[in-house]
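Beneath this line is the structure, given in structure tokens, with notes to follow.
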């Protein structure tokens, strides 16, 4: 199935409420909405399910469908593409409070394989450590937007002992004065309410931060 066909079907399911909850929908109704045969709809629905874009529950009454996070991310990517094409790109803002992490950041940020990529792709050598902030509930929606965007990929690697995951980065302005970057780490002990920030200097010292202080981050889209 071509990308535009996938998006068209996801959009129709979203209009019917499948983004927020599981909905009952017949192939007959979808066929009428899309102006294609019921056989084609059935095939496309099964393909969406196979690709992890929807969940489908079959009952004696019929099928119940819900768009998955992966499917939602595809729709969000389309949204971001349209924003860029229509010149509606702006600034995405996140806010959160500083907390002391478990100390793994310094090791990974300083690893030569990662460090070379940070210098090349972000334009600076990061201070060996990350500033951890726990996002406010209001910022979680914007964090989710970042997850669905392309970002700057810091590739993972493998050595004889273990494998190291990739990291998605975004250049950012911290507290309106310090240029740095935020990291969305593939393998992390933290939940989705946490982001890690890097900069060329120790951000706690530079911005005089302590646990509990509010930090504002701006990402240009």
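The values are calculated or read from the model by the stated rules, or taken from the named source; none is laboratory data. All values reported here derive from a predicted model rather than from experimental measurement. Neighbour counts are summed over all protein chains in view; Cβ atoms, including those assigned to glycine, are modelled from backbone coordinates with ideal geometry.
Exactly one condition in (1) part of a loop (DSSP other than H, G, I, E, B); (2) over 22 Å from the mean Cα position of the chain (by Cα) is not met by residue 24; state its number. In the conditions (1) part of a loop (DSSP other than H, G, I, E, B); (2) over 22 Å from the mean Cα position of the chain (by Cα), residue 24 misses (1) alone.
The criterion of being within 15 Å of residue 11 (Cα to Cα) and in contact with a helix residue (DSSP H, G or I) (Cβ under 7 Å, 6 or more places away or on another chain) holds for residue 71. The residue of region 37-61 that is nearest to residue 147 (Cα to Cα), among those that are surrounded by 14 or more Cβ atoms within 10 Å (Cβ to Cβ) and over 31 Å from the mean Cα position of the chain (by Cα), is 40. Residues in region 76-101 that are modelled with pLDDT under 90 and assigned to a strand (DSSP E or B): 3 in all.
Can you find, within region 200-221, the residue that is surrounded by the most Cβ atoms within 10 Å (Cβ to Cβ) among those that are modelled with pLDDT of 90 or more and within 21 Å of the chain's Cα centre (by Cα)? Within region 200-221, the match that is surrounded by the most Cβ atoms within 10 Å (Cβ to Cβ) is 217. A residue that is on the phi > 0 side of the Ramachandran plot and within 13 Å of the chain's Cα centre (by Cα) can be found somewhere in region 144-164. Would you mind finding the one in 30, 9 that is touching a residue at least 24 places away in the same chain (Cβ under 8 Å) and in contact with a helix residue (DSSP H, G or I) (Cβ under 7 Å, 6 or more places away or on another chain)? Sole residue among the options that is touching a residue at least 24 places away in the same chain (Cβ under 8 Å) and in contact with a helix residue (DSSP H, G or I) (Cβ under 7 Å, 6 or more places away or on another chain): 9.
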